1. Give the residues of the range 211-241 that are among the aliphatic types (A, V, I, L, M), surrounded by 14 or more Cβ atoms within 10 Å (Cβ to Cβ) and either touching an Asp or Glu at 6+ places or on another chain (Cβ under 8 Å) or in contact (Cβ under 8 Å) with a residue 40 or more places away in the chain (or both), sorted by residue number.
2. Are any of the residues in the range 11-31 touching an Asp or Glu at 6+ places or on another chain (Cβ under 6 Å) and over 30 Å from Leu102 (Cβ atoms)?
3. Given the condition at negative phi, surrounded by 14 or more Cβ atoms within 10 Å (Cβ to Cβ) and in contact with a Leu (Cβ under 7 Å, 6 or more places away or on another chain), answer yes or no: does some residue in the range 292-308 qualify?
4. Identify all residues within the range 244-265 that are out of contact with any Gly (no Cβ under 8 Å at 6 or more places or on another chain), in a loop (DSSP other than H, G, I, E, B) and either charged (D, E, K, R) or under 18 Å from Ile227 (Cβ atoms) (or both); write none if there are none.
5. I'd like the full set of residues that are exposed (fewer than 12 other Cβ atoms within 10 Å of the Cβ) and without any contact (Cβ under 8 Å) to a residue 24 or more places away in the chain, limited to the range 342-355.
6. Can you list the strands (runs of 3 or more DSSP E) lying wholly within the range 124-240 that have 2 or more residues being touching a Pro at 6+ places or on another chain (Cβ under 6 Å) and closer than 30 Å to Asn114 by Cβ?
7. Would you tally the residues in the range 106-122 being of a type in the set (Ser, Thr, Tyr) and either touching a Cys at 6+ places or on another chain (Cβ under 8 Å) or outside any loop (DSSP other than H, G, I, E, B) (or both)?
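The values are calculated or read from the model by the stated rules, or taken from the named source; none is laboratory data. All figures in this text were calculated on a predicted structure; none of them were measured in a lab. Using ideal geometry, Cβ is built from the backbone for each residue, glycine included, and neighbour counts are taken over all protein chains shown.
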Amino acid sequence: MAPISSDGFQAQNDASDTTVSISGTSAGVTAGGAGLPGSLIILAPDGTEALRLDGLGAIQRIGNNGNAGDLSLHDASDRDTISLAGATAVLRLGTNGNGGDLEVRDSAGRTVMNMQSSNATLQVGASGNAGDVTVRDGAGQPALEFRGHSATLTVGTTGNEGDLVVRDGSNRDVLHFNAANASLRIGSTGNEGDLSIRDSANREVLQFDANYAVMRIGSTGNEGDLIVRDGANREVFHVDGNNAWVRIGSTGNEGDLAIRDASNREVFHFNAENAVLRIGTAGNEGDISVRDAADREVMQFDANYAVLRVGAAGNEGDIICRDDAGNESIHLNGGSGDIILRNADLAEQFDVDAAVLADAGTVMVLGPNGTLQPCCTEQDTRVIGVVAGGGNYKPGIIMDHREVDDGRRVPIAMVGKVSCRVDARKGAIRAGDLLTTSATTGCAMRTGPDAAGAIIGKAMTGLPDGTGLVDMIVCLT
């Protein structure tokens, strides 16, 4: 080596090429030259290489077998801010008072990977270069993938199903996505789970509350609905919070509601197809119990004994039946123990002769074959009564009623009040007159006590002349 100036040295090879240059002016050392890569080797006390700078491979190697290498960079305050530790294979960035960051840029100079210690953040990707993170399993398959371009997290792959587990401060598994059985489990022993979904106004509109086993849908200002559709996209189940109703079924898919007991028996069934509510089944009889505001059982359907009970101590029961005009026609009054019939007479059905017209109010007699026919003889002892339902009165009770629709059975008033066809041409009819059969078909006429055995009743209203209807009290004598 020979000096080249007052502040430097120069070393040359056999070909007089400068291979090592030390400059005091620039405080620099240059090793190597054209066609001759340079190296800088620093030896440990035992003579082994502890530090090598190799120009051929552009490699810096620190440490050697038995002597792990470290690289330490200090900031202006002499703090160890970057440390490469060969012994532990660790890269450490930052130190107390000077947080570390790691930034990686792509060929366009965009920061596509940024680890920031100040907010413990890893950012991957940049505008124009979406970021991805892929973690592979032992078979080299992507088992965990974060996809920035599609905002997707994929966990698991073929042959290696994925799970996502979140633990609380007590290391309890409180949130678990299990791909093997397609389940989401929220909560654990000692830490019940909840699922809360909020709308754009930050209102909690959907909440699953495991502590009380409750699902709440809707909130103030945003009513809740639950809708289930069938395979044809028909709305077959709709819980409407705004109107407080539940609708089951749709056009082409009738709805049913079935409730089963602990033995899996269908004990409660709403069947929309047949408009039927069925309660109870074999081995579990059904009951309906209705209570008043004082919690008294005031109505009970007891299937075991085929009994309907209405009323309770302190709240007497009533059953009211109305006609198609809304008028009360039958009233069972539990308070007084009365059966109140708004209509007039007690009638019983009889067969009539074929081809006989027997309108309401017609006076009927027994025919030769035991069927009824309109009267046509004065003071006929074969008289049975008057066809009920004419004028002002309808029958309150009809006995021997048979469900036939051939017009061959009519109700005959036996007791009570009835409107009766009369003929007053042989004598005006006054209230209180006795009535019997007349020669005018189906009509009664005035008579006296001498018509015993043919008297059908006593007139309540009169008719001065001609034919018409009068009200009559039935009293066959």
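1. The initial filter retains those residues of the range 211-241 that are among the aliphatic types (A, V, I, L, M), namely 213-215, 217, 226-228, 232, 236, 239.
Right, trim to surrounded by 14 or more Cβ atoms within 10 Å (Cβ to Cβ) and you get 217, 226, 236, 239.
Passing the criteria: Ile217, Val236, Val239.
2. The answer is yes, given that some residue of the range 11-31 is touching an Asp or Glu at 6+ places or on another chain (Cβ under 6 Å) and over 30 Å from Leu102 (Cβ atoms).
3. yes
4. To start, the set of residues in the range 244-265 that are out of contact with any Gly (no Cβ under 8 Å at 6 or more places or on another chain) comprises 244-246, 250-254, 257-262, 264.
From the residues that got through so far, the ones that are in a loop (DSSP other than H, G, I, E, B) too are 244, 251-252, 261-262, 264.
Scanning the range 244-265 gives Ala244, Thr251, Gly252, Asp261.
5. If the condition is that a residue be exposed (fewer than 12 other Cβ atoms within 10 Å of the Cβ) and without any contact (Cβ under 8 Å) to a residue 24 or more places away in the chain, then Ala355 is the only one that fits.
6. Values: elements: 132-136, 142-147, 152-157, 163-167, 173-178, 183-188, 194-198, 204-209, 214-219, 225-229, 235-240.
Because the criterion is at least 2 residues that are touching a Pro at 6+ places or on another chain (Cβ under 6 Å) and closer than 30 Å to Asn114 by Cβ, the strands (runs of 3 or more DSSP E) in the range 124-240 that meet it are 132-136.
7. Taking the range 106-122 as the starting set, the residues that turn out to be of a type in the set (Ser, Thr, Tyr) are 107, 111, 117-118, 121.
When the remaining residues are screened for being either touching a Cys at 6+ places or on another chain (Cβ under 8 Å) or outside any loop (DSSP other than H, G, I, E, B) (or both), the result is 111, 121.
Residues flagged as of a type in the set (Ser, Thr, Tyr) and either touching a Cys at 6+ places or on another chain (Cβ under 8 Å) or outside any loop (DSSP other than H, G, I, E, B) (or both) within the range 106-122 amount to 2.
Condition check ((1) at pLDDT 90 or above; (2) under 30 Å from Ser127 (Cβ atoms); (3) assigned to a strand (DSSP E or B)) across all residues:
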site	(1), (2), (3)
Ser21	no, no, yes
Ala31	no, no, yes
Leu40	no, no, yes
Leu51	no, no, yes
Gly63	no, no, yes
Leu71	no, no, yes
Ala76	yes, no, no
Arg92	yes, no, yes
Val104	yes, yes, yes
